[in-house]
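Chemist: Could you have a look at this structure, given as structure tokens, before my questions?
The values are calculated or read from the model by the stated rules, or taken from the named source; none is laboratory data. All of these numbers come straight from a predicted model, not from anything done at the bench. All Cβ positions, glycine included, derive from the backbone under ideal geometry; neighbour counts span all protein chains shown. Side chains included, ligands, DNA and RNA excluded: accessible areas come from the protein's heavy atoms. Shrake-Rupley method; radii C 1.70, N 1.55, O 1.52, S 1.80 Å.
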Amino acid sequence: MKTLNFLVIGKNQEILDVLKRIIENNEGWKAEIQSDENFCYEYIKEKQVDIVLLSSGLEEQFEKDIKVFCENLDKEVKVIDHYGGGSGLLKNEVYALFPNLQS
């Protein structure tokens, strides 16, 4: 099973905590949650991040900037705009990016 490392970015701590729990209920999925946009750029450069999950409360310009930043890295980092819909939707979003994970 491939390990997936998520960086979940958003402004609502309760939602971030729920997303972390949902993500980590899947074998091999790990999540770091963050509400400080400035911290995220360095974290993505320094750590192994497979998926940046954008949650609620972020400024539109930051969302655009972080997507461009991830596209221009020397490593592949996928970005998911996730604004709710439950764990089933989240899994489908991940499996759309990593179809080989489906069993």
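Chemist: May I ask you to say which residue of Tyr41, Tyr95 is of a type in the set (Ser, Thr, Tyr), out of contact with any Lys or Arg (no Cβ under 9 Å at 6 or more places or on another chain) and free of Cβ contacts under 8 Å to residues at least 12 places away in the same chain?
Modeler: None of the other options fit; the residue is Tyr95.
Chemist: Now, a different point. Which of the residues spanning region 34-46 are within 17 Å of Cys70 (Cα to Cα) and open to solvent by less than 60 Å² (accessible area, probe 1.4 Å)?
Modeler: Within region 34-46, Gln34, Glu37, Cys40, Tyr43, Ile44 meet the criteria.
Chemist: If you don't mind, another one. Of everything in region 47-83 that's outside any strand (DSSP E or B) and in contact with a Cys (Cβ under 8 Å, 6 or more places away or on another chain), which residue is surrounded by the fewest Cβ atoms within 10 Å (Cβ to Cβ)?
Modeler: We begin by selecting, within region 47-83, every residue outside any strand (DSSP E or B); these are 47-50, 55-77, 82-83.
With in contact with a Cys (Cβ under 8 Å, 6 or more places away or on another chain) added as a condition, the list becomes 66, 77.
Working: Ile66: 21, Val77: 19.
By that ranking, first place goes to Val77.
Chemist: Could I ask something else about it? Mind listing just one residue for me: the one in region 1-28 that is assigned to a loop (DSSP other than H, G, I, E, B), open to solvent by 40 Å² or more (accessible area, probe 1.4 Å) and not polar (S, T, N, Q) and, of those, modelled with the highest pLDDT?
Modeler: Per the criteria, the residue is Lys11.
Chemist: Report yes if Lys11 is among the basic types (Lys, Arg) and over 18 Å from Lys64 (Cβ atoms), otherwise no.
Modeler: So Lys11 fails the test.
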